[in-house]
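Take a look at the structure set out below.
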Amino acid sequence: MTSTQPSPVDATGLPVTDHAIAASGSSGTKSPRRRRRAGGFFGRLGKYASLVIACLFALIPIVTIFMLAFKTSAEYRSTGPLVPPSNWFNFDNFVIAFTQGDMITGFVNTAIILVISITGTVLIGTMAAYAIDRFRFRGRSLVTALFLLATLVPSVTTQVATFQVINALDLFNTRWSAILLFTGTDIVAIYIFLQFMQSIPISLDEAATLDGASRFTVYWKIILPLLRPAVATVVIIKGIAVYNEFYIPFLYMPSRDLGVISTSLFRFMGPFGAQWEVIAAGTILVIVPTLIAFLFLQRFIYNGLTSGATK
């Protein structure tokens, strides 16, 4: 004898079918697919909103300076910062900034320091990375650890000792002070070269050694050409850093004849402190070379860093 389970009934006393129960359950809550769609929409909205806000914070000061550089003194006093100039072909401020702001001297000194310091950084960095990765000697791990420790020490804490060393070497108020500091303090470049060096097979060194090549020949003719992506990355990053550096040239090269582009702009703001349109033009002159270099060479920066990290 079998017993049957009574069917559920609704408020009116009528039986409720399984389809009705399923329909009522599904109508009370949202499906997981709908919840995922809603979460994805709000996630994308928050992502794009944060990107737009970040871009506005970065671009508004640059746009303001750019428009101010083309304004006259009367326009600067009578218009708002985001109001475009009446004449986009007003280059008088740029002429004043370039001729009276010692920009030519600044560009020349910057170019000299840039070329010598970058060349020294590449040679010293690649040699140090080659020695650490290929040579086996006592204290090798200690040397690597000391390089890492040097990156953790704030540079401000060593400025007194550094200044005394530069002064004792009679390099104060010369270009060689900045060149020496830019060349000998770039630990990051050594790590970039070391990262690429570890991806080069050591069998190439062994084959060249069997053919009678010396250690320096292996480095110069085999290792250094293979480090070309890393060299391009270091040259770009180091070049932009040296070009934008203000503290070292200002402290170690106080002479006006030794001014680089950053210190020339700083000294230029003195006599033209009330003429902000001229100062804005000088700022644009300083920004443009870096911006052009980055726009044309950013591919090498990203490719160099990512390829070195994945090899």
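Just so you know, all these numbers are worked out from the coordinates, no wet-lab data involved. Model, not experiment: these values are computed from the prediction. Backbone-built Cβ (ideal geometry, glycine too); neighbour counts: all protein chains shown.
Cross-link partners of residue 71 among aspartates and glutamates, defined as those whose alpha carbon lies under 18 angstrom from its own and excluding same-chain residues fewer than eight positions apart: 92, 277.
Distance from the Cα centroid of segment 79-133 to that of segment 167-226 is 26 Å (rounded to whole angstrom). As a proxy for reagent exposure, ranking 103, 127 by other Cβ atoms within 10 Å from fewest up yields 127, 103. Dipole magnitude for segment 36-158: computed about the Cα centre from +1 point charges on Lys and Arg Cβ and -1 point charges on Asp and Glu Cβ, it is near 940 debye.
Pulled fully out, how much extra length does the chain show between residue 228 and residue 167, if you take 0.36 nm times their separation in residues and subtract their Cα-Cα distance?
On the way: separation 61, 0.36 × 61 = 21.96 nm, distance 3.61 nm.
Taking residue 228 through residue 167 to full extension adds about 18.3 nm, to one decimal.
Under unit Cβ charges (Lys, Arg +1; Asp, Glu -1), what dipole magnitude, rounded to 20 debye, does segment 216-280 have relative to its Cα centre?
Values: 5 positive and 3 negative charges, 64 e Å.
Dipole magnitude for segment 216-280 comes out near 300 debye.
How high is the relative contact order of segment 102-310? Use alpha-carbon pairs under 8 Å, at least six apart in sequence, and give a whole percent.
Values: 170 pairs, mean separation 72.2, N = 209.
Relative contact order here is 35 percent.
Go through 287-293, 53-59 and give me the packing order, highest mean Cβ count within 10 Å leading.
Taking the mean over residues of other Cβ atoms within 10 Å, the ranking is 287-293, 53-59.
Output the peptides 188-199, 165-176, 62-73 sorted from most to least packed, where packing is the average of other Cβ atoms within 10 Å over each peptide's residues.
Numbers: 188-199: 20.7, 165-176: 14.7, 62-73: 18.2.
Highest to lowest by the protection proxy: 188-199, 62-73, 165-176.
Excluding same-chain residues fewer than 8 positions from residue 221, which aspartates and glutamates have a Cα within less than 18 Å of its Cα? Of all the aspartates and glutamates, those that pass the test against residue 221 - Cα under 18 Å, at least 8 places apart if same chain - are 133, 205, 206, 211.
Dipole magnitude for segment 102-310: about 380 debye, using +1 per Lys or Arg Cβ and -1 per Asp or Glu Cβ, origin at the Cα centre.
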